[in-house]
Amino acid sequence: MTNPTSSPENSIVPILSLSDPASGVAMLNRVFGFQPTVSSNEIGVVLALGDQKICITAGQAVVGGVRPHHLALSVPDTDLAMRECLSRGGVLSSSMTPDGPLEIPEFWDEGVRYVFFEGPEGALIELCMKKGVTGSLGWGHDHIGIQCDDINGTQADFLAKGCKVVTKYVLQRTEGGTEVAFLERGGSVIELFSPPKPSVEHHALVGWVGFQ
């Protein structure tokens, strides 16, 4: 399955709200390699890593009623990328992958290998490699993950905003089934997922709070 064709003017940029934006920007640069761009907007400062942009702000409430659960960065080798981030002071997410990389064999053609890090102020950042895919040497956009209580309703909202469905899965695990839908717009991929366990509430003004 091929990746969506990039169209930057219609891409989706996640917004990260922090109590200390300067420290967050420094951490994103040091651990992951994000660089400040010459552009900023009415919401905040824009950082970039390859084709992935992030808008950093402070005190921003949730935008549009939907907040991302995590940002996933595409990497050519998950294990190597993990070691690089750890060597720069990064910390693995204790709630997601405390023991290192995991795999989801059902995704895409040959599965994915991924690991989660604690980003600024606990914002989750995933490093994700599509197995069997060659030719990608740099880091960049993979997807923006959104945990849903109503995956069909959330999907309908994104379709109304111009997204298209790429593929869907149901992951069967011992704790129950998780519905997953991948959507795309302008080269940006949205992962909607509805786990069997209830959602975890987050502070309203800190973390991933929406999109541009």
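The values are calculated or read from the model by the stated rules, or taken from the named source; none is laboratory data. Worth saying up front: this structure is predicted, and the values here are computed from it rather than measured. A quick note on method: Cβ atoms are made from the backbone with ideal geometry, for glycine too, and the neighbour counts reach across all protein chains shown.
Just need a number here: residues in region 102-147 that are hydrophobic (A, V, I, L, M, F, W, C) and under 15 Å from the mean Cα position of the chain (by Cα).
Qualifying residue count for the region: 13.
Do we find a residue being part of a strand (DSSP E or B) and surrounded by 15 or more Cβ atoms within 10 Å (Cβ to Cβ) anywhere in region 22-37? Explain how you work it out, then say what you get.
We begin by selecting, within region 22-37, every residue part of a strand (DSSP E or B); these are 35-37.
Then drop every residue that is not surrounded by 15 or more Cβ atoms within 10 Å (Cβ to Cβ), which leaves none.
Looking for residues that are part of a strand (DSSP E or B) and surrounded by 15 or more Cβ atoms within 10 Å (Cβ to Cβ), one finds none in region 22-37, hence no.
Report whether or not VAL170 is surrounded by fewer than 19 Cβ atoms within 10 Å (Cβ to Cβ), over 16 Å from the mean Cα position of the chain (by Cα) and modelled with pLDDT of 95 or more. When the stated conditions are applied, VAL170 does not pass them.
Considering only residues in region 38-66 that are in contact with a helix residue (DSSP H, G or I) (Cβ under 8 Å, 6 or more places away or on another chain) and assigned to a strand (DSSP E or B), the one that is nearest to ASN10 (Cα to Cα) turns out to be ILE54. Restricting GLN35, GLN52, GLN60 to those that are under 16 Å from the mean Cα position of the chain (by Cα) and of a type in the set (S, T, N, Q) reduces the list to GLN52.
Kindly indicate which of GLY132, GLY187, GLY138 is exposed (fewer than 12 other Cβ atoms within 10 Å of the Cβ), within 19 Å of VAL13 (Cβ to Cβ) and either in contact with a Ser or Thr (Cβ under 9 Å, 6 or more places away or on another chain) or modelled with pLDDT under 90 (or both).
Matching residue, one of GLY132, GLY187, GLY138: GLY138.
Is there a residue being closer than 24 Å to SER11 by Cβ, over 16 Å from the mean Cα position of the chain (by Cα), charged (D, E, K, R) and not in a strand (DSSP E or B) anywhere in region 175-182? Among the residues of region 175-182, not one is closer than 24 Å to SER11 by Cβ, over 16 Å from the mean Cα position of the chain (by Cα), charged (D, E, K, R) and not in a strand (DSSP E or B), which makes the answer no.
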